[in-house]
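Chemist: Mind having a look at this structure? Questions to follow.
The values are calculated or read from the model by the stated rules, or taken from the named source; none is laboratory data. Being a predicted model, the structure only gives us computed values, none of them experimental. Cβ atoms come from the backbone with ideal geometry, glycine included; neighbour counts cover every protein chain shown. Ligands, DNA and RNA are excluded from the accessible area calculation, which covers all protein heavy atoms including side chains. Shrake-Rupley method; radii C 1.70, N 1.55, O 1.52, S 1.80 Å.
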Amino acid sequence: MINPRHKGKVLQSGSCIGIVAPASACENFDYTAGIKLLHEWGYTTKLSTTLTANEGYLAGSDKLRADELNKFFADKEVDAILCFGGGYGCTRILDYLDYQLIRQNPKLLVGFSDVTALHTAIGQKSRLVTIHGPMLKSLSQNPTKYTIASFCRGLCSSLPIGAFPIPKKYKMQGFYPGNAFGRLIGGNLSVIAAMCGTPYELKGDNSILFLEDVGEEAYAIDRMLQQLWQNGLLKNIKGLIFGQFTHCTPTKQSKYEFTVKEVLMQYARLAKVPIIYGFPAGHEKTNAFLPLGVNAKININDEHVEFFISEAHCKIR
């Protein structure tokens, strides 16, 4: 097993989930449906003041958003932390986070998109296992049955996920047959690229890298992947998982364009590691509960593609 990380406790009926908005302002978004779901599943909730604050397009000042996240990690009543949404702003609070406090009070931190900045910084500086998964905003907008099942199972199980369950309608593709083993890292491509050259940039030696994005053109994806190639990240990984690239264009071939998939495959050929394409995680209603910081495997042969998480993402209470 690769060096273990700190883990939050498994949730049970009555556990408290703290809700924070570490990035964009909530803008009077009606999140009551998401809160209702959490309560129906037997959890209680505690809401951060950031859900009603704003400073420009942010959910309050950088100091407020960082202080609230620090406070929720320190709060003994809070058992897990769920982000309200992404947008933009998480990179702005990284300098204000208390990484020692977070390390000493490990909790499941759940979110995706811009929250990738928190996954990356907290994963590396606090050595905490975090969760790339649905947020309160997406839970309030008719998530699929698979998303709900994956989310609920992830919160309340202290066992390794094992062979990762995939929705029936999804067909993952595998490239470069073989086996890969390493710590699962990653998240949103745009955020990971933006963190390059900072004290928080993602380090991926001997890891399995997961990437997804939304609303980007093929040339922009190319530029960001080239950045990750030149800074060494893509050269040092053991495996690669491409999730959903939602509203990323073009998807159809033309004379003077690469499709998004063609760009991804160009970097797959450069990396020359086992690669999964079409993993059900990212900016869509179907969004898997995906632990980051745990040991995982990719197995690809002529007959099947398998993604396997071999380490538990939380601990027994």
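Chemist: I need a count of the residues in segment 60-88 that are touching a Lys or Arg at 6+ places or on another chain (Cβ under 8 Å) and open to solvent by 40 Å² or more (accessible area, probe 1.4 Å).
Modeler: Residues that pass the stated criteria total 1.
Chemist: Another question, then. Looking at L240, L211, L228, can you tell me which residue is at pLDDT 95 or above, within 19 Å of S113 (Cβ to Cβ) and touching a strand residue (DSSP E or B) at 6+ places or on another chain (Cβ under 6 Å)?
Modeler: None of the others qualify; the one that does is L211.
Listed here are the residues, each with its yes/no results for (1) open to solvent by 60 Å² or more (accessible area, probe 1.4 Å); (2) within 23 Å of the chain's Cα centre (by Cα); (3) β-branched (V, I, T); (4) closer than 20 Å to G133 by Cβ.
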site: G14; (1), (2), (3), (4): no, no, no, no
site: A21; (1), (2), (3), (4): no, yes, no, yes
site: C26; (1), (2), (3), (4): no, yes, no, yes
site: L38; (1), (2), (3), (4): no, yes, no, yes
site: G42; (1), (2), (3), (4): no, no, no, yes
site: S48; (1), (2), (3), (4): no, yes, no, yes
site: T52; (1), (2), (3), (4): yes, no, yes, no
site: Y57; (1), (2), (3), (4): yes, yes, no, no
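Chemist: Can you tell me which residue among T44, T52 is under 19 Å from K137 (Cβ atoms) and among the hydroxyl-bearing types (S, T, Y)?
Modeler: T52
Chemist: Continuing with this model, one more query. Could you go through segment 89-96 and let me know if any residue there is on the phi < 0 side of the Ramachandran plot, open to solvent by less than 20 Å² (accessible area, probe 1.4 Å) and in contact with an Asp or Glu (Cβ under 8 Å, 6 or more places away or on another chain).
Modeler: Yes, the conditions are met somewhere in segment 89-96.
Chemist: Please work out which residue is nearest to Q100 (Cα to Cα), limiting yourself to segment 113-159 and to residues that are β-branched (V, I, T) and surrounded by fewer than 17 Cβ atoms within 10 Å (Cβ to Cβ).
Modeler: I148
Chemist: Counting residues that are without any contact (Cβ under 8 Å) to a residue 24 or more places away in the chain and over 16 Å from the mean Cα position of the chain (by Cα), which helices (runs of 4 or more DSSP H) fully inside segment 131-200 reach at least 1?
Modeler: 145-156
Chemist: Regarding K203, is this residue touching a residue at least 12 places away in the same chain (Cβ under 8 Å), over 30 Å from E303 (Cβ atoms) and either surrounded by fewer than 22 Cβ atoms within 10 Å (Cβ to Cβ) or not hydroxyl-bearing (S, T, Y) (or both)?
Modeler: yes
Chemist: Okay, next question. Do we have V110 as farther than 19 Å from T44 by Cβ, outside any loop (DSSP other than H, G, I, E, B) and in contact with a helix residue (DSSP H, G or I) (Cβ under 9 Å, 6 or more places away or on another chain) here?
Modeler: It is false that V110 is farther than 19 Å from T44 by Cβ, outside any loop (DSSP other than H, G, I, E, B) and in contact with a helix residue (DSSP H, G or I) (Cβ under 9 Å, 6 or more places away or on another chain).
Chemist: Here's something else I'd like to know. Only one residue in G89, G14, G8 is closer than 24 Å to F210 by Cα and in contact with a Phe, Trp or Tyr (Cβ under 9 Å, 6 or more places away or on another chain). Which one?
Modeler: Unique residue meeting the criteria: G89.
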